[in-house]
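Student: The structure that follows is given in the form of structure tokens.
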Amino acid sequence: MPTIAIAIVAANGVLGDGEKQPFEFAEDWARYKKVTLGHPMIMGRATHDAIGRWLPGRTTIVVTRDPRRVDLPDDPRVDAHVATSLTDALTRARELDDVVYVAGGGEIYRQAWDHLDELDLTEVHADAEGSVTFPDIDPDVWEEYRREPRGPFDFVGYRRRPVSDQ
């Protein structure tokens with residue numbers, strides 16, 4: 001059951017400022033939708049708030065210490081849940097599907113880091129300002145297996161190396 005982090009990351013590791021992403025590329029959003037469609041996604045409340053809407057076609061599990069701060073939609077087309085811990089979110093997501101996406105933000109990626117099998121990143125070839133960052137990718141732990149150049153960014157896949165390789 002792969003658990004995959006999906007993110008758009010600036011060259012300096014910045015994800016954003018806690019309210020929005022510094023980069024938006026139509027091709028990246030189209031790929032994000034295609035890749036995550038039909039699978040559960042786990043994200044923190046701030047990331048969900050930054051997206052500004054519930055994403056149809058996938059189960060969204062929002063992790064928050066205060067579930068009252070998340071307004072669940074009254075829409076039968078949207079499958080949305082709230083979890084009070086990453087552990088609870090992972091358990092619920094793994095009950096639903098054999099592929100789980102972790103969609104941010106920085107703190108959720110850090111909490112999920114040891115549970116991740118793959119990283120599915122859009123690596124932007126520019127720095128950005130912001131205080132929310134993606135964890136450092138240690139090449140002794142992560143192996144790049146795919147890179148698709150797209151001009152100002154690359155789609156990059158990493159797999160966790162087997163423990164014997166680390």
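Student: List every residue pair whose Cβ atoms lie under 8 Å apart, where the two residues are 6 or more positions apart in sequence or sit on different chains, the first residue falls within segment 145-163 and is touching a residue at least 40 places away in the same chain (Cβ under 8 Å), and the second residue, located anywhere, is open to solvent by 70 Å² or more (accessible area, probe 1.4 Å) and part of a loop (DSSP other than H, G, I, E, B).
Tutor: Note: pairs meeting the criteria are Pro152/His125; Phe153/His125.
Student: Tyr145 - would you say it is among the aromatic types (Phe, Trp, Tyr), open to solvent by 50 Å² or more (accessible area, probe 1.4 Å), outside any helix (DSSP H, G or I) and at pLDDT 95 or above?
Tutor: yes
Student: Which of the strands (runs of 3 or more DSSP E) found entirely inside segment 10-108 contain at least 1 residues meeting this: out of contact with any Gly (no Cβ under 8 Å at 6 or more places or on another chain) and of a type in the set (S, T, N, Q)?
Tutor: 59-63
Student: Output the residue which, of all residues in segment 91-110 that are under 19 Å from Val14 (Cβ atoms) and out of contact with any Pro (no Cβ under 9 Å at 6 or more places or on another chain), is most open to solvent (accessible area, probe 1.4 Å).
Tutor: Filtering segment 91-110 for residues that are under 19 Å from Val14 (Cβ atoms) and out of contact with any Pro (no Cβ under 9 Å at 6 or more places or on another chain), the one most open to solvent (accessible area, probe 1.4 Å) comes out as Glu107.
Student: Here is a further query. For segment 51-82, which residues satisfy the criterion of being open to solvent by less than 60 Å² (accessible area, probe 1.4 Å), farther than 22 Å from Asp17 by Cβ and either of a type in the set (A, V, I, L, M, F, W, C) or free of Cβ contacts under 8 Å to residues at least 12 places away in the same chain (or both)?
Tutor: Hits for segment 51-82 are Trp54, Ile61, Val78, Ala80, Val82.
Student: Further question: In segment 118-131, which residue that is more than 13 Å from the chain's Cα centre (by Cα) and aliphatic (A, V, I, L, M) is most open to solvent (accessible area, probe 1.4 Å)?
Tutor: If we take residues in segment 118-131 being more than 13 Å from the chain's Cα centre (by Cα) and aliphatic (A, V, I, L, M), then Ala126 is most open to solvent (accessible area, probe 1.4 Å).
The values are calculated or read from the model by the stated rules, or taken from the named source; none is laboratory data. Only a predicted model underlies this, so the values are computations on that prediction, with no experimental measurement involved. Note that we place each Cβ from the backbone using ideal geometry, even for glycine, and neighbour counts take in every protein chain shown. We work out accessible area using only protein heavy atoms, side chains counted, and drop any ligands, DNA or RNA first. Shrake-Rupley method; radii C 1.70, N 1.55, O 1.52, S 1.80 Å.
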